[in-house]
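A.B. asks: First, the structure itself, so that you have it in front of you.
The values are calculated or read from the model by the stated rules, or taken from the named source; none is laboratory data. All values reported here derive from a predicted model rather than from experimental measurement. Positions of Cβ are backbone-derived with ideal geometry, glycine not excepted, and every protein chain shown enters the neighbour counts.
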Amino acid sequence: MADSRPIGVFDSGLGGLTVAKALRSILPNESIVYFGDTARVPYGNKSSNLIKEYSLEIADFLMKHDAKMIVVACNTASALALEELQRHCTLPVIGVINPGAREAIKATKNDHIGIIGTVATISSKAYEKELQKYNTDIKMSSQACPLLVPLAEEGWLEEEVTNSIVKHYVSPLNDDAIDTLILGCTHYPLLKNVIASQVNDNTTLIDSASAVARVVKESLLETDQLNDSDEKGTLTCFVTDIP
């Protein structure tokens, strides 16, 4: 069966394009409709109710564009609005937190995982809850990093100020001797080189984008919604303001 309807993907800004890229790599025949809420980025410093309101608005937009599935390519929205989205939508909705947590559990050797994310994501303890589903003895250290999304959106990916800010955020995690670090925001892979340079040697960085793409493929296969045509899929992007 060739279900040519697109996959809907959304984020608070442009960071979710890292997830769209992973989807296009593993599912090249699938079309994607991407929605970046650039007028209201970042979500990480907003209230839970407001994040839910924004997420439901965007989900309605994607459903009007005939999406067959919605990928919440935003850790903050996944942490605070995923369950409400799944109740609201008449199609599968997949978040980024569970796939990232599973990858981290597989990667850690000393059972001590670090998590960096927005204030809202870290405050929600969503990653801690998911990690403990797989290992109740897992040790976790988390750090809110409110300045990283604005830096990524501005394109300040390797400036000296970016290095200094990243060092400030990850130093406590280095002191805790984590061996695995979850990049708990889809903007953070854009800063991956800087983050890698500031963490302890042999620390594994977990970018959930590829893990999410694998979960999406599994779901499409299970529901017989995979587009198995020979035509390459398209990427259509919408934003709420000029990035």
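A.B. asks: Let me spell it out: the conditions are (1) surrounded by fewer than 18 Cβ atoms within 10 Å (Cβ to Cβ); (2) at pLDDT below 95; (3) not hydrophobic (A, V, I, L, M, F, W, C), and Lys217 meets all of them except one. Which number is the exception?
C.D. replies: Of everything listed in (1) surrounded by fewer than 18 Cβ atoms within 10 Å (Cβ to Cβ); (2) at pLDDT below 95; (3) not hydrophobic (A, V, I, L, M, F, W, C), Lys217 misses just condition (2).
A.B. asks: Scan the range 171-191 residue by residue and report those that are of a type in the set (S, T, N, Q) and closer than 13 Å to Gly16 by Cβ.
C.D. replies: Result: Thr186, single match.
A.B. asks: Among (1) in a loop (DSSP other than H, G, I, E, B); (2) more than 22 Å from Asp230 (Cβ to Cβ), there is one condition Ser4 misses while meeting the rest; what is its number?
C.D. replies: Of everything listed in (1) in a loop (DSSP other than H, G, I, E, B); (2) more than 22 Å from Asp230 (Cβ to Cβ), Ser4 misses just condition (2).
A.B. asks: Moving on. Has the range 34-55 got any residue that is crowded, with 16+ Cβ neighbours inside 10 Å, touching a Cys at 6+ places or on another chain (Cβ under 9 Å) and free of Cβ contacts under 8 Å to residues at least 60 places away in the same chain?
C.D. replies: yes
A.B. asks: Restricting to strands (runs of 3 or more DSSP E) lying wholly in the range 22-117: which have 3 or more residues that are of a type outside the set (Val, Ile, Thr)?
C.D. replies: 32-36, 112-117
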